[in-house]
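Chemist: The structure is given below, and queries will be raised subsequently.
The values are calculated or read from the model by the stated rules, or taken from the named source; none is laboratory data. Since this is a predicted model, take the numbers as computed values, not measurements. Methodologically, a virtual Cβ is constructed for each residue, glycine included, from the backbone with ideal geometry; neighbour enumeration extends over all protein chains shown.
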Amino acid sequence: MKRIVTRTLAHLGLAPAGHVARLREEGERTTQKLHEIEQRVVQFKADAELWKRRQEETARRAGEQEQAAARATARAERAEARAEELKARGDALAAEAKEMRARLQEANRSAGTVREHLMATETKLDLIEAALQVLDARTRAAVAPREQEKLRT
Amino acid sequence: MSGPALSIVVTGRNDSYGGDFNERFFTAARFNLERLREHGVACELVLAEWNPVPGKPTLCALLARELRDMSGVAVRPVVVAPEYHGAMTQNPRLEYLEYVAKNVGIRRSTAPWILATNTDVLLGRAVVEAIAGGRLAPGTVYRAPRYDLTLGVDQGHLAWDALEDPANHVRRPVLRPPLFSGGSGDFALAHRSTMEELRGYNEVYRAARVGIDLNFLVKAYGAGVPIADIGGPVYHINHVGSLRISKAMFRDKQADSPWGDMRWHSRHVVYNNPDQWGLGAAPSRVLPDGSTYLDFDWAAVPPLVELRRVVLPVRRPASGEA
């Protein structure tokens with residue numbers, strides 16, 4: 001019976017109220033969903049735009065860093081060349097210092113030898129001076145009694 | 001084995017040097033001889049009396065009298081005619097050629113081991129034990145630090161316990177290699193062969209007595225003779241007029257000091273004594289008191305100056321100050 005009524009209303013372009021209400025609700029739900037989907041699409045588009053901008057920014061930065069790395073590599077190569085140059089100069093200076101040290105040691109040895117010989121000479125001079133003083137004293141002692149004898153005569 | 005194992009060589013004369021010279025000497029002589037005898041060391045005391053004071057008994061005669069009650073003690077007194085001092089001196093301010101006198105004693109000692117020391121030095125416990133222990137190595141010069149006892153210490157009560165008490169010490173030096181110098185004249189012990197190889201102390205430079213003991217060590221070291229610390233101190237009976245106490249008085253007038261000029265190059269210049277070092281050629285006779293008397297003879301006197309005997313020591317790799 002319900003089906004006959006529903007078919008008859010459908011021929012007249014009508015529908016039962018409950019059916020209409022259900023359809024209306026379904027339509028609202030669908031509209032709501034559609035709205036949500038639209039919003040999500042908008043959000044996705046916005047996100048996509050954001051990621052696109054980020055990717056562009058990252059690409060731009062990567063490009064800058066590549067350039068910086070290239071500059072740093074160039075600087076490192078120049079620094080390495082400079083270090084090699086300085087090392088070579090350092091080696092030369094070390095060799096020169098070693099030679100000077102050897103010459104200084106030799107000079108010190110020679111100075112030490114000279115100093116020792118000087119001290120030996122000073123010691124000998126001490127002895128000569130001492131001997132002269134002793135001989136002088138002996139001579140005076142030897143002469144003095146004869147002087148007194150002369151005075152007595 | 002007959003004969004002494006150790007000759008203790010000292011020098012002095014009866015001149016009241018430092019006040020109570022004789023008392024210090026006899027105290028030290030008794031102490032040392034008794035300690036060595038207790039440890040079974042047969043020894044002789046060789047006293048070389050240089051430039052004896054005229055008109056006074058010789059120290060040698062007084063020593064014989066002083067030790068006559070000590071049995072088993074050999075004393076070898078040697079008196080050197082006073083003319084030798086006048087003939088050999090290079091400095092009229094020196095009244096005593098201490099190390100030429102010690103050479104006289106060293107040359108006339110008879111034991112295989114010779115200790116050159118001073119009349120006011122007491123041997124420490126470790127020293128006596130080292131000598132008695134028979135562990136000394138020939139070819140080595142042994143040294144001992146000299147601890148000065150407090151001035152005026154009671155000499156009647158000296159025993160090792162008291163000597164070892166730091167409260168009785170004025171100074172306690174530490175000897176350092178390679179020379180172990182410092183008060184060297186108070187203790188130099190070596191085998192006779194070493195003393196003969198080195199020919200005793202410097203007789204070439206006679207213008208000073210200060211530094212001659214250090215000079216002996218420089219010569220020994222340069223000659224390749226090792227020098228070692230025997231392992232214990234000796235003790236010096238301190239007195240007025242000692243070099244250590246009085247040297248400051250002559251700091252600015254070195255040439256006037258009774259020990260000679262301290263600035264002579266004793267650390268750098270050494271000597272080659274002549275064959276007849278220690279008045280080896282001096283004629284001798286025995287006096288009634290048993291002393292040996294060295295008569296004066298110009299033939300025994302070395303030249304006043306022998307420059308060729310002033311030499312430089314052989315330098316060795318430094319392992320310390322030299």
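Chemist: Considering only the stretch A:92-101, I want to know if a residue exists there that is within 11 Å of chain B (Cβ to nearest Cβ) and under 60 Å from the mean Cα position of the chain (by Cα).
Modeler: no
Chemist: Return the only residue of B:GLY86, B:GLY105 being within 14 Å of chain A (Cβ to nearest Cβ) and either closer than 19 Å to B:GLY280 by Cα or not in a loop (DSSP other than H, G, I, E, B) (or both).
Modeler: From the options B:GLY86, B:GLY105, the qualifying one is B:GLY86.
Results for (1) within 18 Å of the chain's Cα centre (by Cα); (2) of a type outside the set (Val, Ile, Thr), shown as yes or no for each residue.
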{"residue": "B:VAL128", "(1), (2)": "yes, no"}
{"residue": "B:TYR142", "(1), (2)": "yes, yes"}
{"residue": "B:GLN155", "(1), (2)": "no, yes"}
{"residue": "B:VAL170", "(1), (2)": "no, no"}
{"residue": "B:PRO177", "(1), (2)": "no, yes"}
{"residue": "B:SER193", "(1), (2)": "yes, yes"}
{"residue": "B:GLU196", "(1), (2)": "yes, yes"}
{"residue": "B:ALA207", "(1), (2)": "yes, yes"}
{"residue": "B:GLY211", "(1), (2)": "yes, yes"}
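Chemist: Pairs only if they're at least six apart or on different chains, beta carbon under 8 angstrom, first in the stretch B:261-279 and closer than 17 Å to B:ALA299 by Cβ, second assigned to a strand (DSSP E or B) and of a type outside the set (Gly, Ala, Ser); list them, first residue then second.
Modeler: Here the result reads B:LEU279/B:VAL80; B:LEU279/B:LEU294, each pair linking the stretch B:261-279 to a residue that is assigned to a strand (DSSP E or B) and of a type outside the set (Gly, Ala, Ser).
Chemist: From the list A:THR58, A:THR139, A:THR113, A:THR121, which one is under 30 Å from B:ASN91 (Cα atoms), modelled with pLDDT of 95 or more and part of a helix (DSSP H, G or I)?
Modeler: Matching residue, one of A:THR58, A:THR139, A:THR113, A:THR121: A:THR121.
Chemist: So, one more: Considering only residues that are under 19 Å from the mean Cα position of the chain (by Cα) and among the acidic types (Asp, Glu), which ones fall in the stretch B:21-74?
Modeler: B:GLU23, B:GLU44, B:GLU49
Chemist: Could you please find all residues in the stretch B:1-41 being free of Cβ contacts under 8 Å to residues at least 24 places away in the same chain and of a type in the set (Ser, Thr, Tyr)?
Modeler: B:SER2, B:SER16 - these are the residues of the stretch B:1-41 that are free of Cβ contacts under 8 Å to residues at least 24 places away in the same chain and of a type in the set (Ser, Thr, Tyr).
Chemist: Yes or no: A:ALA72 farther than 30 Å from B:PRO313 by Cα and either at pLDDT 95 or above or in contact with a Leu (Cβ under 6 Å, 6 or more places away or on another chain) (or both)?
Modeler: yes
Chemist: Now, a different point. Considering only the stretch B:244-288, state which residues are hydrophobic (A, V, I, L, M, F, W, C), surrounded by fewer than 20 Cβ atoms within 10 Å (Cβ to Cβ) and modelled with pLDDT of 95 or more.
Modeler: Answer for the stretch B:244-288, where residues must be hydrophobic (A, V, I, L, M, F, W, C), surrounded by fewer than 20 Cβ atoms within 10 Å (Cβ to Cβ) and modelled with pLDDT of 95 or more: B:ALA281, B:VAL286.
Chemist: Counting just the residues of the stretch B:1-20 that are part of a loop (DSSP other than H, G, I, E, B) and crowded, with 18+ Cβ neighbours inside 10 Å, which one comes out nearest to the chain's Cα centre (by Cα)?
Modeler: The residue in question is B:GLY12.
Chemist: Can you tell me how many residues within the stretch B:188-213 are at negative phi and either within 14 Å of another protein chain (Cβ to nearest Cβ) or not in a helix (DSSP H, G or I) (or both)?
Modeler: The total comes to 15.
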